[in-house]
Amino acid sequence: MSVLVYTESEKGKFKKTAFEVVSYAKAIADKMGTEVTAIAINANAPESLGNYGASKVLNIANPALETFNAKKYAAAIEAATKQEDASVIVISSSADSKYLAPILAMGLDAGYVSNVVEAPSNLSPFTVKRTAFTNKAFANTEITTDRKIVGLSKNSFGLVETGGTANVEDFSAEIPESGVEVASVDKATDKVTIADAEVVVSGGRGLKGPENWALVENLAEVLGAATACSKPVSDLGWRPHSEHVGQTGKPVASNLYIAIGISGAIQHLAGINASKVKVVINTDPEAPFFKAADYGIVGDAFEVVPELTEKLKAFKAQNA
């Protein structure tokens with residue numbers, strides 16, 4: 001029985017999470033004494049998954065799957081699972097995969113656990129550690145079904161290169177009709193997307209207006225970061241809703257999250273709590289964000305951020 005892993009891609013390019021879930025699947029496979037089979041859908045260079053632990057890649061090239069559709073993708077993954085007789089299926093905890101997973105679990109009669117952060121501590125019973133209570137706690141969860149679906153939390157396991165190679169096989173599955181069809185897709189134009197970013201620079205109402213957003217953008221450019229904002233900022237129309245992060249927006253699990261002029265409402269903190277290092281810049285020393293942050297600067301963003309940006313530019317130039 002192999003471990004099957006679904007790898008996400010966009011416009012033919014694998015997302016970073018694809019390599020992370022393969023790395024994670026390899027850790028499970030090593031514990032089970034088996035191998036990893038990856039499924040790639042309309043992706044370029046599927047053989048590259050071998051460098052992260054996949055022994056085989058089932059490559060699907062199907063125009064009907066160019067745009068993500070949970071029902072259609074679930075049918076393809078279900079067919080691959082049955083062909084490979086896989087007992088463990090690994091996916092990411094992205095918005096698409098969380099939409100896909102319940103449909104897949106129903107089709108395979110499988111147990112599903114999302115937001116997993118570590119390799120299984122035990123195989124019998126199969127036990128994984130996951131975040132709970134909006135990332136404020138951890139839960140050790142047993143999956144008792146014959147087939148198990150594990151949703152890996154982003155940036156929790158990391159990329160592990162094995163230097164291996166993968167055999168690529170063409171794969172096709174019967175794709176059902178879906179009651180949902182995508183008419184169009186509007187993409188954010190940022191160089192780095194919030195979903196894939198390791199560093200996120202976010203701004204709040206403390207920036208006083210959209211005309212001051214260059215502070216955020218300049219710092220993000222130096223750090224190679226994505227830009228984001230709090231809910232009030234997107235509600236005011238200063239920034240697009242695609243940049244709104246928090247419990248009611250996009251969740252963030254970046255390695256570094258920098259909040260500028262954000263007081264730290266509970267909904268915002270819940271949505272970014274999975275970030276590993278949190279930095280806040282605010283004039284109010286009593287702002288709730290300071291209690292949640294790893295590092296804090298009490299000061300005027302209009303003075304602190306430009307100086308920080310220049311210092312980082314100089315540091316990068318010295319170490320180029």
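The values are calculated or read from the model by the stated rules, or taken from the named source; none is laboratory data. Computed from a predicted structure; not experimentally measured. Reconstructed Cβ throughout: ideal geometry from the backbone, glycine too, with neighbour counts over all protein chains shown. Please note that ligands, DNA and RNA were not included when accessible areas were found on the heavy atoms of the full protein model with its side chains. Shrake-Rupley method; radii C 1.70, N 1.55, O 1.52, S 1.80 Å.
List the trypsin sites (Lys or Arg not before Pro) within segment 242-309 that DSSP assigns to loop and that have no more than 16 neighbouring Cβ atoms inside 10 Å.
Numbers: sites: LYS276, LYS278, LYS291; in loops: LYS276.
The qualifying sites are LYS276.
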Candidates ALA220, ALA43, ALA183: whichever shows maximal mean-square fluctuation once the chain is modelled as a Gaussian network with Cα springs under 10 Å: ALA183
GNM flexibility winner over the chain from VAL180, VAL117, VAL21 (Cα, springs under 10 Å): VAL180
Under the span-like rule (Cα at least 15 Å along the axis, Kyte-Doolittle mean at least -1.0), DSSP H helices of the chain: 16-32, 70-84, 95-108, 301-318
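I need the Kirkwood Rh of segment 48-157: take the reciprocal of the average 1/r across all distinct C-alpha pairs and report it in angstrom.
14.9 Å
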Sorted largest first, extent of segment 98-177 alpha carbons per principal axis (Å): 42, 36, 26
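Find the accessible area per residue for the chain; the probe is 1.4 Å, ligands and nucleic acids are left out, and the unit is Å². Intermediate results must be reported in sequence, preceding the final value.
Details: 15440 Å² over 320 residues.
The answer is 48 Å² per residue.
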Whole-Å distance, taken between Cα centres, linking segment 285-320 and segment 51-103: 41 Å
Overall Cα dimensions of segment 166-293, principal axis frame, Å, largest first: 59, 34, 28
Coordinate range along principal axes, alpha carbons of the chain, Å, largest first: 60, 43, 41
Sparse-neighbourhood loop sites, trypsin sites (Lys or Arg not before Pro) in segment 1-95 - DSSP loop, at most 15 other Cβ within 10 angstrom: LYS11
Highest-fluctuation residue, THR131, THR81, THR248 considered, GNM on the chain with Cα pairs under 10 Å: THR248
Carbon and sulfur %, accessible surface of the chain computed with the full protein complex present, 1.4 Å: 50 percent
Lysine pair count for segment 55-197 [Cα-Cα under 17 Å; pairs on different chains or 8 or more apart]: 11
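DSSP loop GluC sites (Glu not before Pro) in segment 93-195 with at most 10 other Cβ atoms within 10 Å of their Cβ, which ones?
Numbers: sites: GLU118, GLU142, GLU161, GLU169, GLU174, GLU177, GLU181; in loops: GLU118, GLU161, GLU174, GLU177, GLU181.
Hits after loop and neighbour filter: GLU161, GLU174, GLU177, GLU181.
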For segment 1-108: rounded, prolate or oblate by the Cα gyration tensor [a/c cutoff 1.5]: oblate
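When DSSP beta bridges are limited to those with both residues in segment 5-149, what percentage is antiparallel, rounded to the nearest 5?
Numbers: 12 of 26 bridges.
In segment 5-149, DSSP labels about 45 percent of beta bridges as antiparallel.
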